[in-house]
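Report on one structure; see the data block that follows.
The values are calculated or read from the model by the stated rules, or taken from the named source; none is laboratory data. Here the structure is a predicted model, which means the values were calculated and not measured. So basically every Cβ, Gly included, is an ideal-geometry build from the backbone, and we count neighbours across all protein chains shown.
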Amino acid sequence: MIPPSLRRILETRIDILSVSPWLFWGKAGSGKTCAAVEIYKRWGGMRAFWDAQKTMSAFFEHEYTIRKTLEDADLIVLDDVAARSPTNPQLDALRMILEWRRGKPLLITSNLGPDALDTVLDDRCASRICAGWCHEFKDADRRLLGAIIT
């Protein structure tokens, strides 16, 4: 579900669609991935939804396929960027992904915001990710709201 505040922004600010990448950030369970899934489902054309860690780990083994998708897709969603500290090859892969998607729709989710991305990623990746439109999800962890605590 797209939170009402984000829905209003997306409906009224069409210019945001031309800015890339989008960074959805906030605490775990705040709805970042759910919102990304909703946008992904409504987006027309070819699209891909990737787990960031898995994609960066498999990048050089499957570079041709990944690069072809990066070039051809109308939208790429890269979920959970900087969830764990990447290796140097994973950082190289992320840099390439960001470079190849320059000027094309790329939606990134992360628990880290613009002021903290460079603590896990390098400055170049953090700068490229934050060059677009950043939206903070401020809701409490929705998964915990339904938890039974004894």
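Quick test of your reading of the structure: Val37 fulfils all but one of (1) among the β-branched types (Val, Ile, Thr); (2) modelled with pLDDT of 95 or more; (3) in a helix (DSSP H, G or I). Name the failing condition by number.
(2)
I'm checking my understanding of the structure. Among residues of the stretch 101-121 that are surrounded by fewer than 16 Cβ atoms within 10 Å (Cβ to Cβ), without any contact (Cβ under 8 Å) to a residue 40 or more places away in the chain and of a type outside the set (Val, Ile, Thr), which one is farthest from Thr55 (Cα to Cα)?
So, considering only residues that are surrounded by fewer than 16 Cβ atoms within 10 Å (Cβ to Cβ), without any contact (Cβ under 8 Å) to a residue 40 or more places away in the chain and of a type outside the set (Val, Ile, Thr), the one farthest from Thr55 (Cα to Cα) is Asp115.
Please find, among Gly29, Gly132, the residue that is within 17 Å of Leu6 (Cβ to Cβ), in contact with a Pro (Cβ under 9 Å, 6 or more places away or on another chain) and small (Gly, Ala, Ser).
Of the residues listed, the single one that is within 17 Å of Leu6 (Cβ to Cβ), in contact with a Pro (Cβ under 9 Å, 6 or more places away or on another chain) and small (Gly, Ala, Ser) is Gly132.
Any idea which residue in the stretch 60-111 is farthest from Tyr40 (Cα to Cα), counting only those that are part of a loop (DSSP other than H, G, I, E, B) and of a type in the set (Lys, Arg)?
Arg84
Only residues in the stretch 122-143 that are among the hydroxyl-bearing types (Ser, Thr, Tyr) count as the first member; pair them with residues that are at pLDDT 95 or above and not in a loop (DSSP other than H, G, I, E, B), Cβ under 9 angstrom, at least 6 apart or cross-chain, and list the lot.
From residues that are among the hydroxyl-bearing types (Ser, Thr, Tyr), the pairs are Ser127/Leu117.
Quick check on my filter: what residues within the stretch 23-36 are buried (at least 17 other Cβ atoms within 10 Å of the Cβ) and either polar (S, T, N, Q) or touching a strand residue (DSSP E or B) at 6+ places or on another chain (Cβ under 9 Å) (or both)?
Leu23, Phe24, Trp25, Gly26, Ser30, Gly31, Lys32, Thr33, Ala35, Ala36
Being surrounded by 17 or more Cβ atoms within 10 Å (Cβ to Cβ), out of contact with any strand residue (DSSP E or B) (no Cβ under 8 Å at 6 or more places or on another chain) and under 12 Å from Leu23 (Cβ atoms) narrows it down to one of Cys125, Cys130, so name that one. Walk me through how you get there before you give the answer.
On the way: Cys130 fails: out of contact with any strand residue (DSSP E or B) (no Cβ under 8 Å at 6 or more places or on another chain).
Result of the check over Cys125, Cys130: Cys125.
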